[in-house]
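S.K.: The structure's right below; bear with me while I get my questions together.
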Amino acid sequence: MAPPLLTLQDINLTFGGTPLLEGAALSIAPGERLCLVGRNGSGKSTLLKIAAGLIGADGGERFVQPGSTIRYLPQELAISGHDTVLAYVEEGLEAGDDSHRAAYLLGQLGLTGEENPDHLSGGEARRAALARVLAPEPDILLLDEPTNHLDLPTIEWLEAELKSMRSALVQISHDRRFLEGLAVATVWLDRGVTRRLDQGFAKFEAWRDEILDQEVLDRHKLDRQIVREEHWIRYGVTARRKRNQGRLRALDTLRQERRDQRAVPGRAKLVATDGDVAGKLIAEAEGLSKSYDGRPIVMDLDLRIQRGSRIGIVGANGAGKTTLLNLLAGTLAPDAGTIRLGASLQMVTLDQRRESLDPNWTLNEALTGGSGDMVVVQGQSRHVVSYMKDFLFTPEQVRTPIRALSGGERGRLMLARALARPSNLLVLDEPTNDLDLETLDLLQEMLADYAGTLLLVSHDRDFLDRVATSMVAAEGDGRWIEYAGGYSDMMAQRGPGIKPRAVAAPPSKAPSKPASAKAAKRRLSFNDKRALETLPGRIAALEADIAQLHGVLDDAGLYARDPNAFAARTAELEAADADLAHAEEQWLTLEMLKDEIQGA
């Protein structure tokens, strides 16, 4: 086995009074791909900076094989001070590197290279920084949250690019699918100590839980042993005459061992405050259209959102996901078409940029609105410090200004504010940004138990698979199509990849010959052709029937006058909704088959 390119041994570092790293270690061999995981604040980024040689440790050793090249992508970027993006990327090249690769990577990442680095968006800056670290094809790549602010096409491209490179890789990421696709070994940083699992991330959580369960058992055994020793010291026959100094020293050692153990950090408690029960219809869009500067964002969209739906919205950066979200939530007026919101809606919104947070607020002010020390959660008053603990904040942070919080802490604060308010409709725009994997798990569990409706924009494929019941995807030129199921289900229906807005990602692999041959031999049957001709008319008739039934049921006095008629119309409406869904699914399946045959 080849010797490691980079080794960290017995790394110690203390900020303030609490040790951040206590004997941490890291070793990476040529071509090896690792993921570094741990909770927000556990020191992952700090350990990566030590590996990159950017900061020194209080103790321990760092060794890099002579001649090895290292490139580091920080979580917080600073790329100003260059005339163009291409100049910024080329500055990272060394003698002998391929100068054309910089321009190639920028093109693949949707940039021309002529952009001014001072005027880039967060996603553009991240893509430029990726091009800079990838262009030299270094021996070691150290990537801190490389998928932050990237859209799905770029994430999928980056995953494929990293797989094709020979560089060794250490990555920090909250994107499960990204970690599972790349890592062959996992390093867990927990309470200042690293543990290594020589398997990919998919095996990590079961392994971690076994370790934590064993720790609980060992701690319980130690506590019982201390109790037994204390009992002997106080009541033993020998103890009444003369203290056994050896056992006293042993007891002191046990107590010190117990004090030195760093307890497992608590888990966040994410519980949404349920509002009143909303009507069956949450929102209905008809012919919805919106353009900016002549560019269509949403064109002629028809969409019906029922109570309990969990709709994921996906597309490339700039496709208009946030615009569509605001249109469906009724907070943005369309250029054409209508959006009809249901009755009794209690909407809570989590914005992507955390813009509703004043950086000068303290945590107390952000959670209470500046009115005292109490916050109302699920209809009951709680002290703000108690509620903060549910989201892993310490009592000492109650007067901390928001500007001093990390990205993960700001994300948890936004969740704390949103979940305290009663709701039956959650509108979440990139809620997973900066959250650690354990908090993501809890957020998924909370949303699974949430009784209301969810509108969600996310680039996290695993999160979408676990949460969404249907997907609305950008197809270009303002067209949006709804697919049943989560992200993987959508991919199975529409084919691989989300279409990039600017520069196309590398073409996907051509289908195998047997599949192509099979598609070429397929033909539309007479019944299929007949259905394609008649289904649009049936769908229109069903939509008219549904509109008529809604008109009848909108009569507030119908139930009081004639309960039987109300029940009958309600049953007819449910049957018509089911028939419409079936007809639309059948038409979509046949249209896709027709396109597949014509393409073959």
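S.K.: Out of all the residues in the stretch 133-151, is one or more touching a Cys at 6+ places or on another chain (Cβ under 8 Å) and either surrounded by fewer than 22 Cβ atoms within 10 Å (Cβ to Cβ) or under 22 Å from G31 (Cβ atoms) (or both)?
M.R.: Here is the first cut: in the stretch 133-151, the residues touching a Cys at 6+ places or on another chain (Cβ under 8 Å) are none.
No, the conditions are met nowhere in the stretch 133-151.
S.K.: Going by what's in this entry, would D10 be described as surrounded by fewer than 15 Cβ atoms within 10 Å (Cβ to Cβ), acidic (D, E) and in contact with a strand residue (DSSP E or B) (Cβ under 9 Å, 6 or more places away or on another chain)? Lay out the reasoning, then the answer.
M.R.: Numbers: surrounded by fewer than 15 Cβ atoms within 10 Å (Cβ to Cβ): yes; acidic (D, E): yes; in contact with a strand residue (DSSP E or B) (Cβ under 9 Å, 6 or more places away or on another chain): yes.
For D10, the condition - surrounded by fewer than 15 Cβ atoms within 10 Å (Cβ to Cβ), acidic (D, E) and in contact with a strand residue (DSSP E or B) (Cβ under 9 Å, 6 or more places away or on another chain) - is met.
S.K.: What is the residue count in the stretch 416-425 for residues that are surrounded by fewer than 22 Cβ atoms within 10 Å (Cβ to Cβ), of a type outside the set (G, A, S) and out of contact with any helix residue (DSSP H, G or I) (no Cβ under 7 Å at 6 or more places or on another chain)?
M.R.: Of the residues in the stretch 416-425, the ones surrounded by fewer than 22 Cβ atoms within 10 Å (Cβ to Cβ) are 417-418, 420-422.
Imposing the further condition that a residue be of a type outside the set (G, A, S) reduces the set to 417, 421-422.
Add one more test, that the residue is out of contact with any helix residue (DSSP H, G or I) (no Cβ under 7 Å at 6 or more places or on another chain), and what stays is 421-422.
The qualifying residues number 2.
S.K.: Looking at the stretch 289-301, which of its residues are over 27 Å from the mean Cα position of the chain (by Cα) and either closer than 20 Å to L454 by Cα or not aliphatic (A, V, I, L, M) (or both)? If you could, list the steps in order and put the result at the bottom.
M.R.: Taking the stretch 289-301 and keeping what is over 27 Å from the mean Cα position of the chain (by Cα), we get 289-296, 299-300.
Passing the criteria: S289, K290, S291, Y292, D293, G294, R295, P296, D300.
S.K.: Could you count how many residues in the stretch 113-164 are at positive phi and among the charged types (D, E, K, R)? Steps first, answer last, please.
M.R.: Applying the first criterion (at positive phi) to the stretch 113-164 yields 113, 137, 145, 149.
Now restrict to residues that are among the charged types (D, E, K, R): 137, 145.
Selection size over the stretch 113-164: 2.
Results for (1) assigned to a helix (DSSP H, G or I); (2) of a type outside the set (S, T, N, Q); (3) touching a residue at least 40 places away in the same chain (Cβ under 8 Å), shown as yes or no for each residue.
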position	(1), (2), (3)
K389	yes, yes, yes
V398	yes, yes, no
L419	yes, yes, yes
L428	no, yes, yes
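S.K.: Residues of the stretch 109-121 being surrounded by fewer than 21 Cβ atoms within 10 Å (Cβ to Cβ) and either of a type in the set (S, T, N, Q) or touching a residue at least 40 places away in the same chain (Cβ under 8 Å) (or both), which ones?
M.R.: T112, N116, L120, S121
S.K.: Moving on. Could you list, in sequence order, all residues of the stretch 27-37 that are surrounded by fewer than 20 Cβ atoms within 10 Å (Cβ to Cβ) and either of a type in the set (G, A, S) or within 20 Å of the chain's Cα centre (by Cα) (or both)?
M.R.: The answer is S27, A29, G31.
S.K.: Let me ask something else about it. When you scan the stretch 101-196 for strands (runs of 3 or more DSSP E) that lie fully inside it, which ones turn up with 3 or more residues that are within 20 Å of the chain's Cα centre (by Cα) and closer than 22 Å to L86 by Cα? Lay out the reasoning, then the answer.
M.R.: On the way: elements: 140-144, 168-172, 185-190.
Of the strands (runs of 3 or more DSSP E) lying wholly inside the stretch 101-196, none has at least 3 residues that are within 20 Å of the chain's Cα centre (by Cα) and closer than 22 Å to L86 by Cα.
S.K.: Within the stretch 439-461, is there a residue that is part of a helix (DSSP H, G or I), more than 30 Å from T362 (Cβ to Cβ) and modelled with pLDDT of 85 or more? Before you say what the answer is, go through the steps one by one.
M.R.: Let us first name the residues in the stretch 439-461 that are part of a helix (DSSP H, G or I), namely 439-449, 461.
From what's left, more than 30 Å from T362 (Cβ to Cβ): 448-449, 461.
If we keep only those that are modelled with pLDDT of 85 or more as well, we get 461.
Taking every residue of the stretch 439-461 in turn, at least one turns out to be part of a helix (DSSP H, G or I), more than 30 Å from T362 (Cβ to Cβ) and modelled with pLDDT of 85 or more.
S.K.: Moving to a separate point now. Of all residues in the stretch 331-358, which are at positive phi and modelled with pLDDT of 90 or more?
M.R.: Applying the first criterion (at positive phi) to the stretch 331-358 yields 337, 344, 354.
Matches in the stretch 331-358: G337 only.
S.K.: Just give me the residues in the stretch 312-345 being among the hydroxyl-bearing types (S, T, Y) and either part of a helix (DSSP H, G or I) or in contact with an Asp or Glu (Cβ under 8 Å, 6 or more places away or on another chain) (or both), in sequence order.
M.R.: Start the filter on the stretch 312-345 by keeping residues that are among the hydroxyl-bearing types (S, T, Y), which leaves 322-323, 331, 338, 344.
Across the stretch 312-345, the qualifying residues are T322, T323, T338, S344.
S.K.: Can you pull out the residues in the stretch 302-329 that are over 25 Å from the mean Cα position of the chain (by Cα) and either free of Cβ contacts under 8 Å to residues at least 12 places away in the same chain or surrounded by fewer than 17 Cβ atoms within 10 Å (Cβ to Cβ) (or both)?
M.R.: Matches in the stretch 302-329: D302 only.
S.K.: Go through (1) free of Cβ contacts under 8 Å to residues at least 12 places away in the same chain; (2) not in a loop (DSSP other than H, G, I, E, B) one by one and return the number of the condition S371 breaks.
M.R.: (2)
S.K.: Taking only the stretch 33-86 into account, find how many residues are more than 19 Å from R191 (Cβ to Cβ), among the aliphatic types (A, V, I, L, M) and part of a strand (DSSP E or B).
M.R.: Number satisfying all stated conditions: 4.
The values are calculated or read from the model by the stated rules, or taken from the named source; none is laboratory data. These numbers were taken from a predicted model, which means no experiment stands behind them. Heads up, the Cβs are rebuilt from the backbone with ideal geometry, glycines too, and the neighbour counts pull from every protein chain shown.
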